[in-house]
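Novice: Below is the structure I would like to discuss, written out as structure tokens.
Rule-based calculations on the coordinates, nothing more; no lab input. On a predicted model such as this, the values are computed, not experimentally measured, just so you know. Using ideal geometry, Cβ is built from the backbone for each residue, glycine included, and neighbour counts are taken over all protein chains shown.
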Amino acid sequence: MRLAVRGILDKGFTFIAGASIVLMTAALVIILGPMIWRGLGAVVFRGTVEFRKLQLHEKRMFGRGDQQAVEAESESTNRARQEAYRIIDRFSRGIDVNSLEAEVRHLYRELKRQLVNRVEAGQVSEQQQQHLRDEAYILRKHLEAAYGSSSNEEALENLRPILNYQHREQFRGTIGERFFQLAEEYKAVVDTVKLKDRGRYADELTEVKEILYKLFGPRPGEEPRAPLMQERYGATRWDQATKLRYRLIMKNTWRPGPTPSSPRVQVETPRRAVFDGRLDGFFDIMENDETFRAMLEPRLTFYWQYFKDDSTPGHYFGGVGPEIIGTMLISIMTMLFAVPVGVITAAYLVECAKDTVFVRFIRLCVNTLAGVPSIVFGLFGLAFFLGWMPDVWAYVGSWLQPILGVIILAVSAGIIAVVAASLFRESQGAQAFVVRITGCAGIAALDGYLGYAFLTNPITMAKDANILAGALTLSVLVLPIVIRSSEEAIRSVPRSYKEASMGLGAGGLRTFLQVTFPAALPGILTGVILSLSRAAGETAPILFTAAVAVGPVPNSIFKGGTRTLSYGAYDLAMNDRLASEVPHNQYGLTMTLILLVLILNIAAILIRSRVSRKLRGG
Amino acid sequence: MADDMEYTKEHVKNASADRPGVNISGTQAQAIAGEADQPAAPAGEAIIESRDFSLFYGDKAGVKNIDMKMYARSVTAIIGPSGCGKSTYLRSINRMNDLVPAARAEGWLGVNGTNVYDKRINLVNLRQQVGMVFQKPNPFPKSIYDNVAFGPRLQGIHSRGRLDEIVEKCLRDAAIWGEVKDELKKSALALSGGQQQRLCIARALATRPSVLLMDEPCSALDPIATGRIEDLIGELKSEYTIVIVTHNMQQAARVSDRTAFFCLGDLVEYDQTKKLFTNPSQKQTEDYITGRFG
């Protein structure tokens, strides 16, 4: 009986353990899966002809693609778009009063110039010319009045003198004939459109044109509205295009709620109704999938350069190359600071420190630091690494730097001397000889360069965001993680290793370096992996110290901030109004960050397993 | 043997050349290193000698007032019930007790006539003189080769050829060469327990010690592995002075020339093994070896 109960409990426990693992995995998949899936949309998507134009024409940023193919595509899409533009143009002729009035004014001015030319050529007399000018002026005033009137009757009243004008032959051969054409055209408009509604149509038409501009970009020959890159191209992605088409077809309007006190509700109405059926031809073309496709020619695109390309401000176009470089630079530099300091501290705490008040205080500090919110570190970095340290360095660096340079040069000379001496002291194989010679030369070159750089260029620390400050701040953040995991790893090295090493006559330092540290390395690497991921993903510590939203690819760690993946995602979400138009980039940034951390982790795990396999002798 | 001699001299020279300015006076260095210079020291000469030696852990005495002499090129066994101080005494000989923070020694404990608890002693030289094999096999998580080469490398021997020579000789001496000669690059942790222990012996031999301390070297091994280690001890006797702590009385009787019986930190009896096991002079010894206590 009791055995049976125990069996059931045992099974139950196993089940709970298994279930929790499954739950964890599921949670991970549920959280990361959609992120990665949607982020992949930034890399694999249906790109329109605009995307290919962008990639071809923006030589400085992208400059790739087959010129002839893209031009052919551009031709065919432009042809497909022509009909839509034609309908819109015809409709807007009657609607857009300002442009019509401008045209009339322009026409009158041209006519005057033409007449003056004719007089000089002796074709007409001065008097005739004067007469024609007066007549044209009257025609112009009538047309303008017709354009400006808001009732159909009034407009017709104003058009009538022009349409019934007796002496049309006077203007034969001159530009003045156009007056009568314009009048005819406008009469057609007046016959079909209620001029009362013209203002409303004009507003609606502006909206339609706006969306059309976003869809197709500037028309052939039209100047972009602004020199911004996003004004030069239409929708580059098919999903973007279909979204815009939906906005084109359906109009959002606000209606009062059911009761006077309830909030207004948003309703969608078909936009073709707004134009009272006068633009049905246009909407038919746009709603038809086939013709719409022909206007953009979407094609499945694998944009792997996403991980390499620079982007326009706000990530409207382009990739995340600078972000990846910045993130890696900052993480690696963080590790360069945090790992040596952390491991040495851990070694001290385990191997040397006695249980004194001071050591207990240090332990307390380490444990407390591990729990401090990251924004606190960010503010600390701002005050310390950007506010205080540059001042101190400016004061101390001028004399410390030459000393450091000399020390580096001396150390390199020493290393070279030692290695060179070993070359002659012991008989070695040719391979070892070559290895040492190259090693020697390498160290000499590197150290020489560093020493030279230190001696000649004064290093100044910038007081605004720079990579060095960000990495230092992050290393303070991850230091407790490194210290604690390294401490555990060093502590868990069997005492017998140490005894064996001591028993063979090794001293404390050598025992640590040759026995304890290699044995603890897998554990130390675990901490390094954790802190590397943390450093790559943190936003708050670099918020003030290293990250910028817009800027060039970093080329110095001392000056100028860098874009990073985590800060980019944050900034896009918080500050950029364009973010809603490019959600794929938001997810793309996040996905890249996840992938980067994943790749770093996998690499570190592989290294760790290699190390521990080597230790265990598998 | 001539080769051997040369290598020994060479590496002792290297060892002291490697550490200039050690706080050991010339004569002492001579005394410690002297053994290595005269590997043919006559058997039967006292090499380890303690006079009124006590070792305390804080206030508690681990061993007290030990007077005993151990002789070169012989096997001395130390037996006794648990907690009698036999390991403490053994570890005192190469000062491994220093790892215990509260340990403190009194009296005189000499190796080759030099008090190892002298303040001016060079611990590195001492521990290379007096090698140690531990209760549990504890090879480093390195390759077999690197394990054996660890000691010579400490002494500043880095030449590949010489290291190869030393590694082979030590592995042969420790009777494990035949089993591992093809896989010297393999991790030592992949070996079996008995092989690991023999590797540890080889590692201890690689520093060319004159004394080999063994702290219950077979307690973690099966009977076959134990038998091999015992055979090995018999072989090593011709070159090394061996002190072995064991709580297996049969083992002590099998391998040792002399046996010391410790009880509660005191040396109760110390005599020829044959005599101690057949005709002990102390009542306590007789009670212990006949199994009345312990």
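Novice: What is the mean projected area of the alpha carbon convex hull for the stretch B:83-193, to one decimal in square nanometres?
Specialist: 9.1
Novice: Please compute the length gained on full extension between A:Arg79 and A:Gln170, using 0.36 nm multiplied by the number of residues separating them and subtracting their Cα-Cα distance.
Specialist: Separation in residues times 0.36 nm, less the Cα-Cα distance, equals 28.8 nm.
Novice: For the Cα atoms of chain A, what angle does the longest principal axis make with the long axis of helix A:152-163, in degrees from 0 to 90, nearest 10?
Specialist: In chain A, helix A:152-163 runs at an angle near 60 degrees to the longest axis.
Novice: Ranked highest first by the average count of other Cβ atoms within 10 Å around their residues, in what order do A:283-296, A:435-448, A:255-268 fall?
Specialist: My ranking of the peptides, most packed first, is A:283-296, A:435-448, A:255-268.
Novice: Which one of A:Ala573, A:Ser533, A:Ile594 has its Cα pushed farthest toward the positive end of the charge dipole of chain A, where Lys and Arg give +1 and Asp and Glu give -1 at the Cβ?
Specialist: Value computed over the given set: A:Ser533.
Novice: What does the charge count near A:Glu290 come to, summing +1 for each Lys or Arg and -1 for each Asp or Glu among other residues with Cβ under 15 Å from its Cβ?
Specialist: Here the count lands on -1.
Novice: Let me ask something additional. Counting only other chains, what is the mean number of Cβ atoms within 10 angstrom of the Cβ of each residue in peptide B:147-154?
Specialist: Across the residues of B:147-154, the mean count of other-chain Cβ atoms within 10 Å is 3.
Novice: Okay, next question. Could you give me the radius of gyration and the Dmax of the stretch A:440-526, taking only the C-alpha atoms into account and expressing both in angstrom?
Specialist: Every Cα atom of the stretch A:440-526 included, Rg and Dmax give 19.5, 55 Å.
Novice: I'd like the mean, over residues of A:504-513, of how many other protein chain beta carbons sit within 10 Å of each residue's own Cβ.
Specialist: 5
Novice: Go through B:Cys200, B:Leu184, B:Cys170 and say which Cα lies farthest out towards the positive end of the charge dipole of the stretch B:163-211; charges sit on Cβ, +1 for Lys and Arg, -1 for Asp and Glu.
Specialist: Final value for the positive-end residue is B:Cys200.
Novice: Starting with the highest mean, order B:101-113, B:241-253 by the number of other Cβ atoms within 10 Å, averaged over the residues of each peptide.
Specialist: Averaged packing, sorted descending, gives the order B:241-253, B:101-113.
Novice: I would also like to ask the following. Can you tell me the alpha carbon radius of gyration of the stretch B:139-294 divided by the globular rule-of-thumb value 2.2 N^0.38 Å?
Specialist: Normalised Rg, Cα atoms only: 1.19.
Novice: Once you have a ≥ b ≥ c as the square roots of the Cα gyration tensor eigenvalues for the stretch A:233-328, tell me rounded if a/c is under 1.5, and otherwise prolate or oblate according to whether a/b is larger than b/c.
Specialist: Cα axes put the stretch A:233-328 in the oblate bin.
Novice: Could you give the nm distance between label points at A:Glu153 and A:Arg38, where each point is 7 Å from its Cα heading toward the beta carbon?
Specialist: The modelled label-to-label distance comes out at 5.9 nm.
Novice: Can you compute the helix-only [θ] at 222 nm over chain A? Use -39500 (n - 2.57) per DSSP H run of at least 4 residues, normalise by all residues, nearest 500 deg cm²/dmol.
Specialist: Calculated from helices alone, the mean residue ellipticity at 222 nm is -23000 deg cm²/dmol.
Novice: Now a separate question. For the Cα atoms of chain A, what angle does the longest principal axis make with the long axis of helix A:430-456, in degrees from 0 to 90, nearest 10?
Specialist: 60
Novice: Show which lysines lie in cross-link reach of A:Lys214 when reach means a straight Cα distance below 29 angstrom and same-chain residues fewer than eight apart are skipped.
Specialist: Cross-link targets: A:Lys53, A:Lys59, A:Lys243, A:Lys251, A:Lys308.
Novice: For A:Leu163 and A:Asp203 in one chain, what is 0.36 nm times their gap in residues minus the Cα-Cα distance, to one decimal in nm?
Specialist: In short, 11.4 nm is gained.
Novice: Just need the relative contact order of chain A here, percent rounded to a whole number, with Cα pairs under 8 Å and 6+ apart.
Specialist: It comes to 18 percent, rounded to a whole number.
Novice: Expressed as a whole number of Å, what is the distance separating the alpha-carbon centroids of the stretch A:1-69 and the stretch A:96-172?
Specialist: So the separation of the two Cα centres works out to 69 Å.
Novice: Another question about this same structure. Is the shape of the stretch A:1-96 rounded, prolate or oblate, going by the alpha carbon gyration tensor and its root eigenvalues a ≥ b ≥ c, with a/c under 1.5 for rounded and a/b larger than b/c for prolate?
Specialist: It is prolate, given that a/c is not under 1.5 and a/b is the larger ratio.
Novice: Just grab the label-to-label distance for A:Lys141 and A:Ala417, each label 7 Å out from Cα along the Cβ direction, in nm (one decimal).
Specialist: 10.6
Novice: So what J values fall out for the stretch A:245-252 if you push phi through Karplus, 6.51 cos²θ - 1.76 cosθ + 1.60 with θ = phi - 60°, rounded to Hz, Gly and Pro as x?
Specialist: Going residue by residue, I get 4, 4, 5, 6, 7, 10, 10, 8 Hz, with x marking Gly and Pro.
Novice: Rounded to the nearest 0.05, what FRET efficiency do B:Asp118 and A:Ile407 have when you use their Cβ-Cβ distance and R0 = 56 Å?
Specialist: Step by step, r from the Cβ atoms, then E = 0.90.
Novice: What is the sum of charges around A:Thr368, taking Lys and Arg as +1, Asp and Glu as -1, for the other residues whose C-beta is under 14 Å from the C-beta of A:Thr368?
Specialist: Around A:Thr368, the charge tally is +3.
Novice: List the residues, sorted by chain then number, that are 5 or more residues from B:Val268 or on another chain and whose placed amide H is less than 5 Å from its amide H.
Specialist: B:Phe261, B:Phe262, B:Cys263
Novice: Please give the helix A:97-121 orientation as an angle from the longest Cα principal axis of chain A, in degrees from 0 to 90, rounded to the nearest 10.
Specialist: Taking the Cα atoms of chain A, the angle to A:97-121 is about 60 degrees.
Novice: Just to confirm a number: summing +1 for Lys and Arg and -1 for Asp and Glu over residues other than A:Lys243 whose beta-carbon lies under 11 angstrom from that of A:Lys243, what do you get?
Specialist: +2
Novice: Could you tell me the center-to-center distance, by alpha carbons, between the stretch A:300-335 and the stretch A:555-618 in angstrom?
Specialist: Cα centroid of the stretch A:300-335 versus Cα centroid of the stretch A:555-618: 10 Å apart.
Novice: Hey, got the Cα dimensions of the stretch A:94-196 along the principal axes, in Å, largest first?
Specialist: 47, 25, 17
Novice: In µm²/s, what is D for the stretch A:533-618 at 25 °C and 0.890 mPa s, where D = kT/(6 pi eta Rh) by Stokes-Einstein and Rh is the Kirkwood radius from Cα pairs?
Specialist: The Stokes-Einstein estimate is 164 µm²/s.
Novice: Same structure again: For chain A, give me the percentage of DSSP beta bridges that are antiparallel, rounded to the nearest 5 percent.
Specialist: Taking every DSSP beta bridge within chain A, about 90 percent pair in antiparallel fashion.
Novice: Sticking with this structure for a sec: At a temperature of 20 °C and a viscosity of 1.002 mPa s, determine how fast the stretch A:363-409 diffuses translationally according to Stokes-Einstein, using the Kirkwood radius over alpha-carbon pairs as Rh; express D in µm²/s, rounded to the nearest whole number.
Specialist: D, rounded to a whole number, is 164 µm²/s.
Novice: For the ranges A:116-124, A:597-605, A:566-574, A:474-482, what's the packing order if you count other beta-carbon atoms within 10 Å of each residue, average per peptide, and put the highest first?
Specialist: A:474-482, A:566-574, A:597-605, A:116-124
Novice: Here is a further query. Based on the alpha-carbon gyration tensor of the stretch A:101-143 and its eigenvalue square roots a ≥ b ≥ c, which shape applies: rounded if a/c is under 1.5, prolate if not and a/b is larger than b/c, or oblate?
Specialist: It comes out oblate by the Cα gyration axes.
Novice: Name the residues whose placed amide hydrogens come within less than 5 Å of the amide hydrogen of A:Arg46, ignoring near sequence neighbours (fewer than 5 apart) on the same chain.
Specialist: Sorted by chain and number, the residues that satisfy this are A:Trp238, A:Asp239, A:Thr301.
Novice: Let me ask you something else. Once you put a point 7 Å from the Cα of B:Ser159 and another 7 Å from the Cα of B:Asp231, both along the Cβ direction, what distance in nm separates them?
Specialist: That separation, rounded to one decimal, is 3.5 nm.
Novice: Specify the inter-centroid distance of the stretch A:433-461 and the stretch A:357-422, based on alpha-carbon positions, in whole Å.
Specialist: Here the two parts' Cα centres lie 20 Å apart.
Novice: Next up: Over the whole of A:493-500, what's the average partner chain Cβ count within 10 Å per residue? Rounded to a whole number, please.
Specialist: 5
Novice: Against the 2.2 N^0.38 Å scaling, with N counting residues, where does chain A land? I'd like the Cα-based Rg ratio to two decimal places.
Specialist: Against the compact-globule rule of thumb, the ratio is 1.49.
Novice: Hey, got the dipole for the stretch A:11-60? About the Cα centre, +1 on K and R Cβ, -1 on D and E Cβ, debye to the nearest 20?
Specialist: For the stretch A:11-60, the charge dipole is close to 220 debye.
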